[in-house]
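Worksheet for the structure shown next.
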Amino acid sequence: RIAFLSDHEGIGNLYSCAYDGGDLRRHTDHDAFYARHASSDGTRVVYQCAGDLWIVDDLSPDSVPRRLDVRLGGPRAGRRTYQVPAAQHVDGISVDETGRASAVVVRGSLHWLTHRDGPARTIADTPGVRVRLPEMLGSGGRIAYVTDADGEDAVEIAVLPRASGQREPRRLASGELGRVLEMVSDPQGERLAIASNDGRLLILDATEESAGDTSTSTSRTEPEEASST
């Protein structure tokens, strides 16, 4: 018998016929995707349909196609954790007063990078939490940044990594800020000016003794009306 693929009934399926063209048989019944790339060893027919391999063991009237379960091994290197190129995913940076190191945001995590040597150290890297807008607080070894750990924007103040150990960051004004668009610190690192998406300009007390009190600038500049005579 001669096996072949045909879509004369609408969808490509596997058929066979006698050498004289008679006794046409349909061996598959795919109604959504075409059968393609059929190949045979003289008895069995293998073909591809919708990304799966199928086999018809013979061309008898009772033959039924079955899906082949093919598992391919791969090199162990292909299962390694993918290292994200940090240079292509920098979201924010804040340089310390000495110019020798920076706090860098990479894909929502915050890291401390010296500019010449030494390893990168993690300041904030919690799965499911994104930080942004890092801001050095004076020369006291502290940094502020915006976090969405509580679901809404808040400001966290952390101590820069030290050999003596790491202190837990303080979280301030959670849920009180709206969506933070910009944040800058005063030169002493005692207050933060925060611009929110609702037009507010907030001042956040960032001293170590504070509880994160905020005050709002309510003054608004109204546009002048132009007049013509």
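No lab work stands behind these numbers, since they all come straight from the coordinates. Predicted model, so just to flag it, every value in this text is computed and none were measured. Here the Cβ positions follow ideal geometry from the backbone for every residue, glycine too, while neighbour counts run over all protein chains shown.
Miscellaneous remarks
- Surface/4 estimate of mean projected area, convex hull on alpha-carbon atoms of region 147-197, nm²: 4.2
- Of the trypsin sites (Lys or Arg not before Pro) found in region 75-114, the ones in coil according to DSSP and having at most 14 other Cβ atoms within 10 Å of their Cβ are R80, R100, R107.
- A simple rule links phi to the HN-Hα coupling: the Karplus curve 6.51 cos²θ - 1.76 cosθ + 1.60 with θ = phi - 60°, which for region 196-205 gives 9, 6, 9, x, 7, 10, 10, 10, 10, 6 Hz, with x for Gly and Pro.
- Under 5 Å between amide hydrogens, built in the peptide plane, is the criterion, and for L181 it picks out A195, S196, N197 among residues at least 5 positions away or on other chains.
- Once Cα extents along the principal axes in Å is calculated for the structure shown, the corresponding label among (1) 52, 44, 33; (2) 53, 46, 22; (3) 95, 69, 31 turns out to be (3).
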